[in-house]
1. Every residue in region 105-117 that is of a type in the set (S, T, N, Q) and either at pLDDT below 95 or not in a loop (DSSP other than H, G, I, E, B) (or both), please.
2. When you scan region 36-51, how many residues do you find that are in contact with a strand residue (DSSP E or B) (Cβ under 6 Å, 6 or more places away or on another chain) and part of a helix (DSSP H, G or I)?
3. Just a yes or no: is a residue in region 66-73 over 18 Å from the mean Cα position of the chain (by Cα), in contact (Cβ under 8 Å) with a residue 40 or more places away in the chain and either within 29 Å of residue 127 (Cα to Cα) or assigned to a loop (DSSP other than H, G, I, E, B) (or both)?
4. Identify the residue in region 1-44 that is modelled with pLDDT of 95 or more and over 26 Å from residue 88 (Cα atoms) and, among all such residues, is surrounded by the fewest Cβ atoms within 10 Å (Cβ to Cβ).
5. Of everything in region 78-104 that's part of a strand (DSSP E or B), in contact with a Lys or Arg (Cβ under 7 Å, 6 or more places away or on another chain) and of a type outside the set (Val, Ile, Thr), which residue is surrounded by the most Cβ atoms within 10 Å (Cβ to Cβ)?
6. Being in contact (Cβ under 8 Å) with a residue 40 or more places away in the chain and among the aromatic types (Phe, Trp, Tyr) is the filter here; which residues of region 89-127 pass it?
Amino acid sequence: MKKLGFILGALLLFVGVIVAQNGKGAVITSSAPEFDFGIIKEANGKVSHTFVIRNSGDAPLVITRVATPCACTTPEYSREPIAPGKEGKITVTYNPAGRPGPFYKNIAIYSNGKDGAFTLRIKGTVE
């Protein structure tokens, strides 16, 4: 009887591991991961855009870091986890001062929702 209990316990543990592996976990997505500011005037100063990201998974999405390519681009985002099926926002501000011409910046979002970085992009031309 003890042997049967051990076998049943091991079987339940194995099934639990398989079920846990089949869950998606957190999944970061965005329906619009790129934004074009178009032509902006340097004299008008900073411009911002708010990206909407969604947790398409079945576990809370935690953003651990947002990396930008230079000090000209700054992100703002909530440190609160995003529940499954819910949305969060990341606002990216670009400072065109002293940067005439076209720009194209990648913003790397590090989270538990993707191996490596999820990338958002901004672009435009400074006059």
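The values are calculated or read from the model by the stated rules, or taken from the named source; none is laboratory data. None of these values were measured; they are calculated from a predicted model. With ideal geometry, Cβ positions are generated from the backbone for all residues, glycine too; neighbour counts draw on all protein chains shown.
1. 106, 111
2. 1
3. Of the residues in region 66-73, the ones over 18 Å from the mean Cα position of the chain (by Cα) are 70-72.
Still in the list and also in contact (Cβ under 8 Å) with a residue 40 or more places away in the chain: none.
Checking region 66-73: not a single residue is over 18 Å from the mean Cα position of the chain (by Cα), in contact (Cβ under 8 Å) with a residue 40 or more places away in the chain and either within 29 Å of residue 127 (Cα to Cα) or assigned to a loop (DSSP other than H, G, I, E, B) (or both).
4. In this case the residue turns out to be 43.
5. Pass one, region 78-104, residues part of a strand (DSSP E or B): 82, 87-94, 101-104.
When the remaining residues are screened for being in contact with a Lys or Arg (Cβ under 7 Å, 6 or more places away or on another chain), the result is 87, 93-94, 103-104.
If we keep only those that are of a type outside the set (Val, Ile, Thr) as well, we get 87, 94, 103-104.
Details: 87: 14, 94: 23, 103: 19, 104: 11.
It comes out as 94.
6. 94, 110, 118
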